[in-house]
Amino acid sequence: MSPTIANDAPVPGDSLSRLPSGHVARVRALPNDDEPYLRLRAMGLCEGRKIEVIRHGSRMIVSLSGVRIGVDRRLAEAIEVEPGP
């Protein structure tokens with residue numbers, strides 16, 4: 001189980017899939033070797049990128065600099081995030 005703190009803010013090592021709607025974080029790591037993750041990278045979802053969770057669920061929606069993309073929850077489980085501005 002990933003560590004959490006009282007206000008549910010992300011901590012290093014948390015999975016994107018654990019973040020509720022409205023939370024902002026930075027992408028810490030995501031897999032390099034699988035086609036779906038390569039597509040997400042091509043859309044701008046990569047290490048160091050600030051993201052906001054718009055919708056939480058089986059099909060998550062995240063915002064990257066105002067652009068919204070959908071991320072399947074199973075993929076989001078392998079994307080590590082950390083607290084971000």
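Readers should treat all values here as calculations from the given coordinates under stated rules, not as data from a laboratory. These numbers were taken from a predicted model, which means no experiment stands behind them. As a convention, Cβ positions derive from the backbone with ideal geometry for all residues, glycine included, and neighbour counts pool all protein chains shown.
What shape does segment 14-83 have by the C-alpha gyration tensor, where a ≥ b ≥ c are the square roots of the eigenvalues, rounded means a/c under 1.5, and otherwise prolate means a/b greater than b/c and oblate the rest?
The shape class here is rounded.
Could you work out the helix-only [θ] at 222 nm for the chain, with each DSSP H run of four or more residues adding -39,500 (n - 2.57) and the total divided by the number of residues, to the nearest 500 deg cm²/dmol?
The helix contribution divided over the chain gives -3000 deg cm²/dmol.
For the charge dipole of the chain, defined by +1 on Lys and Arg C-beta atoms and -1 on Asp and Glu C-beta atoms about the Cα centroid, which residue among 48, 37, 70 has the Cα displaced farthest towards the positive pole?
70
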